[in-house]
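The values are calculated or read from the model by the stated rules, or taken from the named source; none is laboratory data. Predicted model only: the values in this text are computed from it and were never measured. Note that we place each Cβ from the backbone using ideal geometry, even for glycine, and neighbour counts take in every protein chain shown.
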Amino acid sequence: MDAELLTIGSELTSGATVNTNAAYLARRLAALGIPCRRQISVGDERTGLAEALREALRRCDLLITTGGLGPTFDDITMATIAEVTQHPLRFSPMVAATVRRFYTRRHRQLQRAALRQAYLPQGGAPLPNPLGTAPGLWLRLEEQVVVALPGVPAEMRAIMERHVLPRLKRLGAGGVIESHTLRTAGLVELSIESILRTLRIPECVQIGLYPHLRMVDIRLTAAAPSRQAARRALSRIERPLRRALGMSVYGTGEDTLEGVVGELLVKRRRTIAVAESCTGGLVCDRLTNVPGSSRYIKGGLVAYHNEVKRQHLDVSDAMLARFGAVSAPVARKMAEGVRRLADADVGLAITGIAGPTGGTAKKPVGLVYLALADPRNTLTRRCQFFGDRLSIKTQAAQTALDFLRRSLLSSSRNQ
C-alpha cells in the first residue's frame, strides 16, 4: 500500500503555520510499513484542491487529507472530495446529534453553520472527533481509501490513533506488521549505513534512518503472517545491529536521551550539577523535563559572563588570559567548580562559541569544550559543530548529555 498526504490550508502554503501534521502522519504510517510517497500542501481554494485530489487518486492506494473540515466558508474539503469521487454529500443524523451534544454540554447556542459538518460523502463512514465538532471521514473507493482528518493537530492525532490506525492494520489481509525503533547518538547516517551493509537483513524487514541533530533513529519494520513471525524477523536483525552499534544505542521507541541519563543517575545513585556558558541552560532544561529529576539534579549555573566564572566557579584571571574562556582548562575548572558549589557527585560543564560572531581562525564558530568531573578525575572533550546559533547550542547540549551517558556506563563497567 502506497500513501500520499494532502495537507490543506492557506496558512500552510503561505508559511504562516509549520506543517507538523505531515511529519506526524508520515511517521505513523511508516510504523505500519506503509510508505508515504508524496506530501502535498494546497490552499483553501476549490479548483486547486480538486486538481490535487484527482492527481493523488491516480497514483496512490491510500490518501490522507488534513484540514478544511470545519463549519466556516473556507472549509471545503468534504464537498470537494464528494465532487472528485462522485459520492454526493449526504446528511448524517448521527453526526448532527454529536454536534448538538457538543454545544449543549458546553452551554453554547448551536449555530446553524455548525451543522454543515454533518454532511459527508455518500458511503463514507464518519470518524468520531473526541476533541471537536468536525468528524473525520473513511471513504472506501473501488481501489483506494480516502481518509479526511481535521487540521487541528490534537484533533487529527486523536482520530488517527483511535480510528484510522486500527482500520489500516485490519487492511493487512490477516498479516501483521511489527515495528521497533533504535535510538542512537554520536553516529552519522553514513556510518550506520556502512554497518547495515555488513548484516544479513531478512527480506520481510524494512529499515529506515531518521536523522536529527547529533542523533539518528533506526526504525525496523517487519511484515509477516503472524506477530510471532514478525518479532522473530526483527530479532534476527536487531541483535547483531545492537552489537555493531555498541554504546551508540541509547534507547528504543520513545526514549529520550535526558530520560535515559536520569535513569542511569538514579541507578548509580549519583547527583549532578551543570555549569553552562554557550548553551545558556539548555542541558538543565532538558534534564528537568524528566519527571522526578529532583532525585539527581542538584542545580545548575549559567556562567555566561567571565565574571560569573571567576566568582562562582574559581576560574582565575590568569587562566582566562592564558587559555581564553573557550578552552579545555576553563571547561575543566567549571565542571570541578560547579560540582563543589552544589556538593554534587558529578559536575558537567559546557563552554563554546555559538556564533554567528565571535570566532577566530584558531577558535572558529562552533568550537565547544565539554568537561565532566567526579571525585576521581575530570574528563574533557573538544567538539566542532556547524550550523546556525540555535543548531550549535542544540548540538552542544545533545553531545554533553551523551558524554555524560557514556561516562556513567563506562564507570559502572570499570567498577
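Annotations for the structure displayed:
- Residues located in the range 65-93, provided they are polar (S, T, N, Q) and at positive phi: 86
- Residue within the range 395-412 that is more than 18 Å from residue 271 (Cβ to Cβ), modelled with pLDDT of 95 or more, assigned to a loop (DSSP other than H, G, I, E, B) and among the hydrophobic types (A, V, I, L, M, F, W, C) present: no
- All conditions but one from (1) of a type in the set (D, E, K, R); (2) surrounded by fewer than 17 Cβ atoms within 10 Å (Cβ to Cβ); (3) under 25 Å from residue 11 (Cα atoms) apply to residue 105; the one that does not is (3).
- Among the residues making up the range 202-230, those that are under 24 Å from residue 254 (Cβ atoms) and assigned to a loop (DSSP other than H, G, I, E, B) are 213, 214.
- Qualifying residue in the range 255-275 (condition: of a type in the set (A, V, I, L, M, F, W, C), outside any helix (DSSP H, G or I) and within 21 Å of residue 197 (Cα to Cα)): no
- So residue 177, is it at pLDDT below 90, closer than 30 Å to residue 127 by Cβ and crowded, with 18+ Cβ neighbours inside 10 Å: yes
- Residue check, residue 229 surrounded by fewer than 19 Cβ atoms within 10 Å (Cβ to Cβ) and farther than 23 Å from residue 411 by Cβ: yes
- Residue list for the range 79-105, restricted to those being of a type in the set (Lys, Arg) and over 36 Å from the mean Cα position of the chain (by Cα): 90, 100
- Only one of the numbered conditions (1) among the small types (Gly, Ala, Ser); (2) surrounded by fewer than 20 Cβ atoms within 10 Å (Cβ to Cβ); (3) modelled with pLDDT of 90 or more is not met by residue 113, and that is (3).
- With respect to being surrounded by 14 or more Cβ atoms within 10 Å (Cβ to Cβ) and modelled with pLDDT of 95 or more, residue 65 fits the description.
- Among the residues of the range 278-313, those identified as under 18 Å from residue 350 (Cβ atoms), without any contact (Cβ under 8 Å) to a residue 24 or more places away in the chain and either touching an Asp or Glu at 6+ places or on another chain (Cβ under 8 Å) or of a type in the set (S, T, N, Q) (or both) are 284, 288, 306, 310.
- Every residue from the range 1-26 that is more than 15 Å from residue 37 (Cα to Cα), in a helix (DSSP H, G or I) and not charged (D, E, K, R): 10, 12, 13, 20, 21
- Subset tally (residues that are more than 18 Å from the chain's Cα centre (by Cα) and either surrounded by fewer than 15 Cβ atoms within 10 Å (Cβ to Cβ) or modelled with pLDDT of 95 or more (or both)) for the range 14-34: 3
- Number of positions in the range 182-201 that are loosely packed, with under 13 Cβ neighbours inside 10 Å and touching a helix residue (DSSP H, G or I) at 6+ places or on another chain (Cβ under 9 Å): 2
- For residue 322, the conditions (1) in contact with a helix residue (DSSP H, G or I) (Cβ under 9 Å, 6 or more places away or on another chain); (2) touching a residue at least 12 places away in the same chain (Cβ under 8 Å) are fulfilled apart from (2).
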